[in-house]
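All remarks here apply to the structure that follows.
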Amino acid sequence: MGNLAIARILEFLPGIIIGLTVHEFSHAWMAKKCGDTTSEQQGRVSLNPLRHIDPLGFLMLLVAGFGWAKPVQFNEQNLRNPRRDVMKIAVAGPVSNAVLAMVLSVIFSLFVHYTAGIYSNWISITKNLLLYAIYINWGLFIFNLIPLPPLDGSHLLLNLFRKYPGFYEGLYKYGSYIFLGLILVTVFTDLNLFPIWPAMQFLGNGFLSLVGYG
């Protein structure tokens, strides 16, 4: 691996670590708010990245462009309103990434404004780190809303079909295989079944424009 590739990975790392940590923390925090303390007992209501990063999933994210963190566990029986609370826990992660991307966009715009005309390697590096973190968090927001297990969007879809046990169980059982198959098709063919990058650009560029950049 060349120095350029290593430098690019180092620029990605802070955004990935922050994004995954905030995402999983938000799941755990929402589960606690809804009455279940399972994630709290497991130490997941924490902003310590080591509580959330899955080594293999993190490596896959760096190498293949998609990966995962340790899933937050919760017990539906402890939730005050299981059907509603499961959806709240599911959306907490992606929504936290969207909010984080917006906050980072404001910080980036202010940073660019107040460092205009100043030339420094540290300023350039900071700009890149912030930009990568912004787009990574938009990517986590979009990717996790895909309605297939094990992604967060699957909980929203599955909740809609609880009244149909056959379909619910089938989607829950085979959804992960469908998702893996779609990823393999995307990786090894010219078909882009997950147009995440165009959506990231649309949201990222759009919000940066709203806060005065570009």
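The values are calculated or read from the model by the stated rules, or taken from the named source; none is laboratory data. All values reported here derive from a predicted model rather than from experimental measurement. When we count neighbours, we look across all protein chains shown, and the Cβ atoms used for this are built from the backbone with ideal geometry, even at glycine.
Points worth noting:
- Among the residues making up segment 119-158, a single one is touching a Phe, Trp or Tyr at 6+ places or on another chain (Cβ under 7 Å), of a type outside the set (A, V, I, L, M, F, W, C) and in a loop (DSSP other than H, G, I, E, B): Pro149.
- Close pairs (6 angstrom Cβ cut-off, 6 or more residues apart or separate chains): in a helix (DSSP H, G or I) in segment 192-214, of a type in the set (Gly, Ala, Ser) anywhere: Ile196/Gly139; Met200/Gly139; Phe207/Ser105; Leu208/Ser105; Leu208/Gly214
- Summed over segment 13-60, the residues that are touching a Leu at 6+ places or on another chain (Cβ under 7 Å) and of a type in the set (Phe, Trp, Tyr) give a count of 1.
- Any hit, segment 84-97, residues being more than 20 Å from Ala133 (Cβ to Cβ), outside any helix (DSSP H, G or I) and of a type outside the set (A, V, I, L, M, F, W, C): no
- Residue within segment 122-143 that is of a type in the set (Gly, Ala, Ser) and either surrounded by 15 or more Cβ atoms within 10 Å (Cβ to Cβ) or within 28 Å of Ser39 (Cβ to Cβ) (or both) present: yes
- Pairs with Cβ under 7 Å, 6+ apart, first in segment 75-102 and in contact (Cβ under 8 Å) with a residue 12 or more places away in the chain and among the basic types (Lys, Arg), second crowded, with 18+ Cβ neighbours inside 10 Å and in a loop (DSSP other than H, G, I, E, B): Arg80/Cys34; Lys88/Cys34
- Residue identified as under 24 Å from Glu76 (Cβ atoms) and modelled with pLDDT of 70 or more among Phe179, Phe194: Phe179
- Some residue of segment 72-83 being in contact with a Gly (Cβ under 6 Å, 6 or more places away or on another chain) and within 24 Å of Ile183 (Cβ to Cβ): no
- Subset of segment 39-62 [among the hydroxyl-bearing types (Ser, Thr, Tyr) and part of a helix (DSSP H, G or I)]: Ser39
- Scanning segment 24-50 for residues that are modelled with pLDDT of 95 or more, surrounded by fewer than 17 Cβ atoms within 10 Å (Cβ to Cβ) and more than 15 Å from Asn97 (Cβ to Cβ) turns up Lys33, Gly35, Thr37, Thr38, Glu40, Gln41, Gln42, Gly43, Asn48.
- Apart from one condition, Pro71 fits all of (1) of a type outside the set (A, V, I, L, M); (2) crowded, with 17+ Cβ neighbours inside 10 Å; (3) under 23 Å from Phe143 (Cβ atoms); the exception is (2).
- Neighbours by Cβ (under 7 Å, 6+ apart or cross-chain): first from segment 1-25, within 12 Å of Leu62 (Cα to Cα); second among the hydrophobic types (A, V, I, L, M, F, W, C) and at pLDDT below 75: Ile9/Leu62; Ile16/Leu61
Here's the yes/no breakdown for (1) of a type in the set (S, T, N, Q); (2) over 19 Å from the mean Cα position of the chain (by Cα); (3) within 30 Å of Val187 (Cβ to Cβ):
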| residue | (1), (2), (3) |
| --- | --- |
| Ser39 | yes, no, no |
| Val45 | no, no, no |
| Asn48 | yes, no, no |
| Leu56 | no, no, yes |
| Asn75 | yes, yes, no |
